[in-house]
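Everything below concerns the one structure shown next.
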Amino acid sequence: MDKIWDTLSKEYGLNGDYWKGSIRLLLTELHSGGLLESTEQTIDEEGTYFGAGKVLYKYALGDFGRMRAEQVSML
């Protein structure tokens, strides 16, 4: 499965720390709003994505997020 960042950076031509941080914040907001569910958490041991010791999350669209997407005709 592709990383969200990899997909968005290719699709929209985004690059750099500013956009990585923006996408990370957006995902955090969607998770706190109940639209996304966290499926896995790991520590970025090597600093590959956001820096050594940072927590990395995997997200999935939750039931509430799916319902909201259907209500606005996104699915």
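Numerical summary
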quantity: 3J(HN,Hα) from dihedral phi, segment 32-49, Karplus parametrisation 6.51/-1.76/1.60, rounded to Hz, x for glycine, proline; calculated: 5, x, x, 7, 10, 10, 7, 9, 7, 10, 9, 9, 7, 4, 8, x, 5, 9
quantity: Under Karplus coefficients 6.51, -1.76 and 1.60, residue-wise ³J(HN,Hα) of segment 8-19 in Hz, glycine/proline x; calculated: 5, 5, 5, 5, 10, x, 7, 7, x, 5, 4, 6
quantity: Reciprocal mean inverse distance between Cα atoms of the chain - Kirkwood radius, Å; calculated: 13.5 Å
quantity: Segment Ile23-Met67, extension gain: residue separation times 0.36 nm, minus the distance between their alpha carbons; calculated: 13.6 nm
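Bear in mind these aren't lab numbers, they're just calculated from the coordinates by the rules spelled out. All figures in this text were calculated on a predicted structure; none of them were measured in a lab.
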